[in-house]
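Read through the structure below, which is laid out as C-alpha cells, and then see the notes.
The values are calculated or read from the model by the stated rules, or taken from the named source; none is laboratory data. This one's a predicted model, so the numbers in the text were calculated from it and none came from an experiment. Neighbour counts run over all protein chains shown; Cβ positions are idealised from the backbone, glycine included.
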Amino acid sequence: MKIKLIQPAMLPRPMDTKLKTRMAPSLALLTLANLTPKEHEVIIENENVESINFDEKVDLVAITVTVDVMNRAIEIAKEFRKRSVKVVAGGIHITADPKGAYGYFDAICIGMAERIWQRILFDAQNDSLKEIYNDMASISGQEIVSPDYDIIDNSKYLYTNIISTSRGCPFECDFCYNSSQSVHKAYINRPIEDVIREIKTLRTRHIMFIDDNFIGNPSWTKKFLAQIKPLGLKYNAAVTSNIVDMSDILDDLKESGCQSLFIGFESINDKAIDSVNKVQNSVGKYERLVEELHKRGIMINASFVFGLDEDDSSVFEKTLDWIVKNKIETVTSHILTPYPGTRLYENLHKQGRITDFDLSKYNTANVVYRPKNMTQEELYDGYLWIYKEVYSFKNIIKRLPSSKKQWIPYLAFNLLYRRFGKLTEKVCEIISFRRVGSITRWFSYNIK
C-alpha cells in the first residue's frame, strides 16, 4: 500500500512565528513510519511546512490530531474520503475524547500505536477496518518503537535531534490530558540502551528530550543520567517542580550536561495550584528550586497558566514581578484551556461556563470559558500583556543570567526567537531552518 501520514496545520498564537511550527518534526508520524513494514510506501506531509497533495494516489491516510487541529483534521479526512481513500486518526486528542471523533474518520486509534498499527494496515488491505483500535493493557517501555530519523528532511526544521525516553506522566492535573478517563494511566520508560542507541544515531551532542516528565520515575532517570555522563551531551528536558526535593538528580543533571529545564510552575498562588489538583507543586518551594537550578548553571523555561479559579486580574503583575525577581530565563504562558475529555472540561461544562466550542481556539491562546474572578477580556488582555512585558528590552536585561556562559543561549531565545522572531523567520527562509538552528546551537554551546 501507499500510505500518507499527515500532521495538520495549526493556527498560530499571537506571539508565534514559523519558528514554532518548524521547531521539530512529528515523532508520532516518524514512529508510525518505522512501524510500517517495508513492503509499503510511506509519505509524510506536515501541513505546517508544505501543502497536502489531495490528488496523489494513496491507499490509506493517517492523521495525528491535537485538539486545536481537530477541525482541520476533519476537513482533510473529508477530502480524502471523497476520493474513496480510507482515513485513520490518532493522537492525544483522539485518545482523550474518542467520542468526539466518531463518524469523521474510517477508524480511530486510542492510545499508543505500537501494538495496533500493523493490525490497522492488515485490515485496511483487506477492506475490513474496524471503527476503534485500542490495546494498551500492561504495555511496557520495551514495546516503544524508535522514530525513523532517516526519513526526516532536515532542511525543513530547526531541530531534528529530538528524543522521547518515556510515555505518559504519573500525575493527573485537572487541565491535563492525563486526567481523561480514556487515557491509559501508565508512565513507562524505555530501556536505557534503546535511548542511548538513538542518541548515537543522531550523531550530535545537542539533544532535546521531549518527555512530558523526564523525572516521572526518578530511579530510572538517575540510572539514565549515569549512563549519558560520558557522552558529553548538551541537552534540555521537561520536569515537574518536585525535583526540588531530588538534590542527587539535580547534581546528576548538571554533571551530565543539562542546559535548561522546562518546568510547569503554572501559578505562584498556592490556592490556584490546589484548585487543579497539581499535587506535585509546592509554591513555597519555588524560589528554592530556582536557586538550586541556577547555582548549578541550569536555565529555566517556566510555564504559567492564567485564568485558574483562584486567580484575579492582579495575577499578571504579581507573576511578572516574580519572574523578573528570580531571573527566569524564558517563559511560556497559557490561558487555561478545557481540553475535551479532561476533568477541567467536565467541571466547567457542568457549571455552564464553556462559552466557545470551536476547537481551533483551544490552543491556550484564546478564552473559551467564563473565568471566575476576572472577565474574559481581562484574562485575554493580561495574557498578551505579560508576554509583551517579559520580552521587553528592559526585562530581558533584568533577567540576564549571572553566568556569562549562558548569555548567548539566553539572548538567542529572548531576542531571536521571541523579540525578533519575525526577522529570524525571514533569515531561516533564506538560508534554511536547519542551518540557523545549527549555527545558534554552535554559538550557544561553544562560545564561552
Single residue of the stretch 413-438 satisfying the filter (aliphatic (A, V, I, L, M) and either modelled with pLDDT of 90 or more or surrounded by fewer than 13 Cβ atoms within 10 Å (Cβ to Cβ) (or both)) that is nearest to Leu19 (Cα to Cα):
Leu423
Could you please let me know if Ile207 is assigned to a strand (DSSP E or B) and either in contact with a strand residue (DSSP E or B) (Cβ under 9 Å, 6 or more places away or on another chain) or touching a residue at least 60 places away in the same chain (Cβ under 8 Å) (or both)?
yes
State which residue pairs qualify: first residue without any contact (Cβ under 8 Å) to a residue 24 or more places away in the chain and inside the stretch 363-376, second residue of a type in the set (Val, Ile, Thr) and assigned to a loop (DSSP other than H, G, I, E, B) in any location, beta carbons under 6 Å apart, and separation of 6 or more residues or different chains.
Arg370/Thr355; Gln376/Val367
Only one of Ile152, Ile196 that is under 18 Å from Leu225 (Cα atoms) and not charged (D, E, K, R):
Ile196
Tell me whether the stretch 114-135 contains one or more residues that are modelled with pLDDT of 95 or more and in contact with a Ser or Thr (Cβ under 6 Å, 6 or more places away or on another chain).
no
Before we move on, is Ser155 surrounded by fewer than 18 Cβ atoms within 10 Å (Cβ to Cβ), closer than 25 Å to Arg343 by Cβ, outside the structural domain of Val49 (by TED's automatic domain parsing) and small (Gly, Ala, Ser)?
no
I'm checking my understanding of the structure. Among residues of the stretch 379-436 that are among the acidic types (Asp, Glu) and more than 21 Å from the chain's Cα centre (by Cα), which one is farthest from Pro14 (Cα to Cα)?
Glu429
Report, by residue number, each residue of the stretch 339-354 that is assigned to a loop (DSSP other than H, G, I, E, B) and either out of contact with any helix residue (DSSP H, G or I) (no Cβ under 6 Å at 6 or more places or on another chain) or free of Cβ contacts under 8 Å to residues at least 24 places away in the same chain (or both).
Gln351, Gly352, Arg353
Taking the residues in the stretch 140-176 that are at pLDDT below 90 and aromatic (Phe, Trp, Tyr) as candidates, determine which candidate is farthest from Cys428 (Cα to Cα).
Tyr159
Wholly enclosed helices (runs of 4 or more DSSP H) of the stretch 1-94 bearing at least 1 residues in contact with a Cys (Cβ under 8 Å, 6 or more places away or on another chain)
18-21
Single residue of Ser392, Ser403 found to be under 19 Å from Ile298 (Cα atoms) and not aliphatic (A, V, I, L, M):
Ser403
Is it the case, given these coordinates, that Thr221 is at pLDDT below 95, of a type in the set (Val, Ile, Thr) and under 22 Å from the mean Cα position of the chain (by Cα)?
no
Quick check on this structure: which one of Arg190, Arg197 is surrounded by fewer than 21 Cβ atoms within 10 Å (Cβ to Cβ) and over 20 Å from Lys254 (Cβ atoms)?
Arg197
Scan of the stretch 55-87 for residues that are within 17 Å of Ile120 (Cα to Cα) and in contact with a Leu (Cβ under 9 Å, 6 or more places away or on another chain), ordered by number:
Leu60, Val61, Ala62, Ile63, Thr64, Val85, Lys86, Val87
Does the stretch 32-54 contain any residue that is closer than 22 Å to Thr337 by Cβ, aliphatic (A, V, I, L, M) and either buried (at least 21 other Cβ atoms within 10 Å of the Cβ) or in contact (Cβ under 8 Å) with a residue 40 or more places away in the chain (or both)?
no
Being among the charged types (D, E, K, R) and within 16 Å of the chain's Cα centre (by Cα) is true for just one of Arg13, Arg72, Arg83. Which residue is that?
Arg13
Determine whether Glu172 is within 21 Å of Pro218 (Cβ to Cβ), in contact with a helix residue (DSSP H, G or I) (Cβ under 8 Å, 6 or more places away or on another chain) and in a loop (DSSP other than H, G, I, E, B).
yes
